[in-house]
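Notes follow once the structure below has been shown.
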Amino acid sequence: MAGPRAAGDDRGAKPKRTPLQRLFYWGAVLAVWGVIFLVVFFAVFARGLPDTSSLYNVDRQPSITYLDRNGALIATRGTQMAPPADLDALPDYVPAAFIAIEDRRFYHHPGFDPIGMSRAMVRNLRAGRVVQGGSTLTQQLAKNLFLTPDQNMRRKVQELMLAVWLEMKFSKKEILALYLNRVYFGAGAYGIEAASQRYFDKSAKDLTVGEAALLAGLLKAPSRYSPVSESERAAARATVVLNEMEEAGVITAAQREQAVTQPVIVSRTLATQHAQYFIDWLDKSIRGLVGEPTEDMVVETTLDLTLQTDAERAVRRILDRDASKGVQQAALVALDGDGRVRAMIGGASYADSQFNRAVDARRQAGSSWKPFVYLAAMEAGYTPQTPVVDEPITIGNWSPKNYSGNYSGDMTVAQAVANSTNTVAVSIADKIGRDSVARAARRLGIQSRIGLEPSMALGAVEVSPLEMATAYDAFANGGRRVDAYGISRIRTPQGRVIYQRASGQSGQAINNPPLYYMNQVLRGVVTSGTGRSVAIPGRDLAGKSGTTSDYKDAWFVGYTGGFVAAVWVGKDDNTAMRGVTGGSSPAAIWRGFMEAALPRLNAPSIPNGPPMPEGWTAPDPVGDLMSGLGEGGAPVEPVDPNVGEPYVDQPAPQYQQPSPKQPVVRPTSPQPGYRDPPNQQPKAARRPNASRTPCSSDLWREASLSNSDEEAARRSRACSCPV
């Protein structure tokens, strides 16, 4: 029988582990739990990973390529893809530029870079904000291929997992090729080849060191470092890339110096940012023409890139010259005689503001509206030689003033137009009816609201430059109404036509002799009136300036044979400029543009339009003068009917030898929207009787809805105003 265990006997005790054994034991325990944690962790985050079989699929919106009328590239909207670039065909410094700035340790990590991540974490903690990222080039590829740009822990873990998978599946060279061919470079370009073509009009294999550095610098923020809208910032970023390339040994110090001193030339078509206003305008109408795009399309437009460039230079020069006068914005629209938009500028800088002032802005027209007043007057029986009186006039509580503040007394309609005399325009509009003025403007293409208040005669109507160019086009093309358009044809890149604009002759909006008279008086504006500064020797030009009260808006709309341009300048906040009139800044832009454009256009003289009505005779200034003296009136300065018509390209109207007493015969058929004219040669514009009850705007608007003489008479009785 065994006795009790003696004290100190530890034969049955568990032996103690050595420090090394304890370290090994707890290390194994932590490893097991670590594996369990990682398995659970990755199992949780792996749920919802995208299908990697979509690696080679490209999900993109159809691209729309815009060409000018000669086939030159204007812009590409949507996604632009190009055939994958062959990495072996690229210069060594092209992929090296991306590695140098994006992932210096690309060839030495397994998809993620612990050293880079730690370095980025330390810098971000010191700065108190995110100033550096730790993602590798492989992680960026994983994000671009499979993930959303959301910034959260789940997405970052999935990015890391996919990066490791990519490294296991592909070689470093294959990963780099995938990256360069799928990354987004801004301006709608995906991949190095598309970016090279978009920004530099060349293949990626022809990139220079500086161009490669600029493209590599774009990836940090394509819009922020765009060489088009942010050229200085893009250049600074490209210099950083060049420094990294030199430090990594990719290029020599001499190559870096050459790249820094040699300017990078961005594609002219991409840099033509003002053409983007035109493209924005077309974008709105394409879906109405062909529906939602489901395939790549090529849009053949009416724009002429050469004329567009001329317009940009003219606008930029005057905006810089007159900035001290408060000229901040400008818009220009140029149309040919069939309504094709040849040039369009919607503002001072597309990069700063995409609001298209040429199409979407509505600003008061000022005196550039007066041709519609005088057209209605000519259709009512007035002629350029009709005597009128520049004198004070009051309609209701409103008494318009002339720009000069003075009154010139007796003059002719032609002189009133040339000098932009306000009182005469108001008086004539009141005599013939402002509703007839509104109908004339509508007939020529004005679509904005037209009020019938007395101030309407002086351009208190808000219109767009596109509307004004459209309306004036009828004066330039022989009296035909046009609709401005910018798309000629839409086709696929393979040539299948999706849309073709129908060709057809537009209707006659102005007949003769009113068209002949209007061209005569609007020529006078250029030869001897407020538009004298736009005169170009040897060119048949006509037009009208416009200035609103307090110098908030200034216009010049002018034309030659089959070509019209409307120019507006002002401020977006509708505050006043400093003494800027239609005959100053807008006229300078118009002349600068037309001087460059006319040699290219080879424009003829202004056409005379349809035949004169039977029995019509040309005005006889001498006979009119003698007739006026015989009746005891003051002699009126005659207007030569051939002023401003030194051209013989177009046949002149057939004249009959007039006799001094022979009256002017009115057209045998009424003009569109035409009412019974006043007396043939009114001696003076009649002042409204101050004792009569002024017309209410509601009665005038109601009357404008009817074209009938009965309605006009009813309005006259109700308002006690002259018809």
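The values are calculated or read from the model by the stated rules, or taken from the named source; none is laboratory data. None of the values given here were measured: they were computed from a predicted structure. Positions of Cβ are backbone-derived with ideal geometry, glycine not excepted, and every protein chain shown enters the neighbour counts. Surface areas here come from the heavy atoms of the whole protein model, side chains and all, with no ligands, DNA or RNA. Shrake-Rupley method; radii C 1.70, N 1.55, O 1.52, S 1.80 Å.
Worth a mention:
- Taking the 1.4 Å solvent-accessible surface of region 573-622 as the whole, the part contributed by carbon and sulfur is 51%.
- With all protein chains modelled, accessible area of LYS431 [1.4 Å, Å²]: 40 Å²
- Remark: accessible surface ordering of MET121, MET297 (largest first) is MET121, MET297, probe radius 1.4 Å.
- Pairs over the 31 Å Cα-Cα cut-off, from the set LYS431/LYS571; LYS169/LYS202; LYS220/LYS571; LYS143/LYS205: LYS431/LYS571; LYS169/LYS202; LYS220/LYS571.
- Note on ASP201 and ALA28: their simple-model spin labels are 7.3 nm apart, each label 7 Å out from Cα toward Cβ.
- Phi angles of region 368-374 translate, via the Karplus equation with coefficients 6.51, -1.76, 1.60 and θ = phi - 60°, into HN-Hα couplings of 5, 7, 4, x, 6, 5, 6 Hz per residue; Gly and Pro are given as x.
- Region 490-593: C-alpha pair distances exceeding 25 Å, %: 41 percent
- Each part gets one Cα centre, and for region 544-618 versus region 450-511 those centres are 16 Å apart.
- The phi torsions of region 377-391, fed into the Karplus equation with coefficients 6.51, -1.76 and 1.60 and a -60° offset, translate into couplings of 5, 4, 6, 8, x, 6, 9, x, 8, 4, x, 9, 10, 8, 8 Hz, rounded to whole numbers, with Gly and Pro shown as x.
- The listed peptides 16-24, 282-290, ordered by packing as a protection proxy, come out as 282-290, 16-24 (highest mean of other Cβ atoms within 10 Å first).
- The listed peptides 479-489, 595-605, ordered by packing as a protection proxy, come out as 479-489, 595-605 (highest mean of other Cβ atoms within 10 Å first).
- Restriction of the chymotrypsin sites (Phe, Trp or Tyr not before Pro) in region 381-476 to DSSP coil positions whose beta-carbon has at most 10 other beta-carbons within 10 angstrom yields no sites.
- Long-range HN-HN contacts of VAL298 with modeled amide H, under 5 Å: THR65, ARG491, THR492
- Most to least packed among 546-553, 331-338, 222-229 [average Cβ atoms within 10 Å]: 331-338, 546-553, 222-229
- Take every pair of alpha-carbon atoms less than 8 Å apart whose residues are at least six positions apart; their mean separation over the length of region 260-362 yields a relative contact order of 31 percent.
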